[in-house]
Amino acid sequence: MVNLVEAQKPLLHGLMKLAGIRPHSIEIEPGTIMNFWVPSETIIQKTKKNKKITTTTPLSNNQCAISPDSTTEPDPNKPVVVLIHGFAGEGIVTWQFQIGALTKKYSVYVPDLLFFGGSVTDRSDRSPGFQAECLGKGLRKLGVEKCVVVGFSYGGMVAFKMAEMFPDLVEALVVSGSILAMTDSISTTTLNGLGFSSSSELLLPTSVKGLKALLKVAAYKKLWFPDRLHRDFLEVMFTNRKERGELLEGLVVSNKDTSIPNFPQRIHLLWGENDQIFNLELAQNMKHQLGEKTTFHGIDKAGHLVHLERPCVYNKCLKQFLTSLHAEKAQK
């Protein structure tokens, strides 16, 4: 029987290419490969006559590798925006409603974090810091010098690490449904409040019932899908279970080992007001901890999946923040 989620992938990939981004695989270091969706116009191959032509090299897994003779040259007239996905879906699935809204004015890069979407490593490090390190190195290899990073949920924690590790690369952050770090106290309080015994039970469901439970706490409105679609989604989107379980273990840190970095970047918290996983109280506390460079905007009638539930409102708020950044830079 055809897997309905797998069957729609070529359609989604086609829509992304129409929006102006294409998939490429980058070797971060030997044994570590990270997939990115990058602006089509940035992929350049230099011929022996120094002429530049657009090129892609298809791979069997529907990704594309950048050949040794290829370089990437971001459009200097377009600011770079990097969209980092959460734990339940790869990049373009998570950001499918934002990409097309941004590509006209921005160079949009959508990575797949390690053990999502074909990105892999033979390293044993499963920390958000290692994800951030690989992202930073990958963007540098793609020729990106400055970017605004937008992170959702798990991707938000990686985004915070990126901003801390690469202050010259990350000039601003937009974070939705996330926190600075998953401390053991926040983890316990959050899971107990939601009625789950572990992060894996919540974020790595093994049954239709488990996936429905995840969607119930992640969305403001009840989402109905036939059981077959739930089963197909489980089969396609929840691969690399062993490694993803290790990522969840590597996520939790002790309260005594955490501190609030002094971020030089502007940070915008863009939140679903009905988020049950990381609620408004957590968001407001984080805004206070991060200081005066941090702003907050709540979107009503939206839960943890705010960018999927209310994409038009989310996109409008995101673009307003990006426009304000551009205006500030123009005045300097």
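Note on the chain: helix-only mean residue ellipticity at 222 nm, from DSSP H runs of 4+ residues weighted -39500 (n - 2.57) and normalised by residue number, equals -12000 deg cm²/dmol. The structure-derived value of semi-axes √(5λ) of the Cα gyration tensor in Å appears in the list (i) 32, 22, 21; (ii) 40, 27, 16; (iii) 29, 25, 20 under the label (iii). Dipole of the chain computed with +1 at Lys/Arg Cβ and -1 at Asp/Glu Cβ about the Cα centre; of CYS134, PRO111, GLY86, farthest Cα towards the positive end is PRO111. Between GLY272 and GLY177, ILE299, VAL306, the built amide H atoms are under 5 Å apart, and every one of these is 5 or more places off in sequence or on another chain.
Taking the Cα centre of segment 182-283 as reference, the dipole from Cβ charges on Lys and Arg (+1) and Asp and Glu (-1) amounts to some 360 debye.
Within the listed set ASN240, ASN77, ASN274, the Gaussian network model of the chain (springs between alpha-carbon atoms below 10 Å) gives the highest mean-square fluctuation for ASN77.
Coupling constants for segment 299-311 follow from the phi torsions by the Karplus curve (6.51 cos²θ - 1.76 cosθ + 1.60, θ = phi - 60°), and in residue order they are 10, 6, 6, 8, x, 4, 8, 4, 6, 9, 6, 10, x Hz; glycine and proline get x. Between GLU235 and SER185, residue separation times 0.36 nm minus the direct Cα-Cα distance comes to 14.8 nm. Taking Cβ atoms as reference points and 14 Å as the exclusive limit, the residues near MET286 contribute a net charge of -1, counting Lys and Arg as +1 and Asp and Glu as -1.
The amide H of VAL150, built 1.01 Å from its N in the peptide plane, has VAL82, LEU83, ILE84, VAL174 as neighbours under 5 Å, considering only residues 5 or more places off or on other chains.
Of the residues TYR154, ILE99, PRO30, the one whose Cα sits farthest towards the positive end of the charge dipole of the chain is ILE99 (charges of +1 on Lys and Arg Cβ, -1 on Asp and Glu Cβ, taken about the Cα centre). Rounded to whole numbers, the Karplus 3J(HN,Hα) couplings from phi for segment 23-39 are x, 8, 10, 10, 7, 6, 7, x, x, 10, 10, 10, 8, 10, 9, 10, x Hz, using 6.51 cos²θ - 1.76 cosθ + 1.60 with θ = phi - 60°, and x at Gly and Pro.
Compactness of segment 204-270 is given as radius of gyration and Dmax, 17.0, 47 Å, from Cα positions.
About the centre of its Cα atoms, the chain shows a dipole size close to 1060 debye [charges on the beta carbon of Lys, Arg (+1) and Asp, Glu (-1) only; nearest 20 debye]. Amide H to amide H, with H built 1.01 Å from N, SER107 comes under 5 Å of VAL80, VAL81, counting only residues 5 or more places away or on other chains. Note on segment 191-313: Cα-only Rg and Dmax are 16.6, 48 Å.
For the residues ARG126, ARG244, a 1.4 Å probe over the protein chains yields an accessible-area ranking, largest first, of ARG126, ARG244.
The values are calculated or read from the model by the stated rules, or taken from the named source; none is laboratory data. Since the model is a prediction, treat every value here as computed from it, not as a measurement. Please note: Cβ atoms are built from the backbone with ideal geometry, for glycine as well, and neighbour counts cover all protein chains shown. The accessibility values were calculated without ligands, DNA or RNA, using every heavy atom of the protein model including side chains. Shrake-Rupley method; radii C 1.70, N 1.55, O 1.52, S 1.80 Å.
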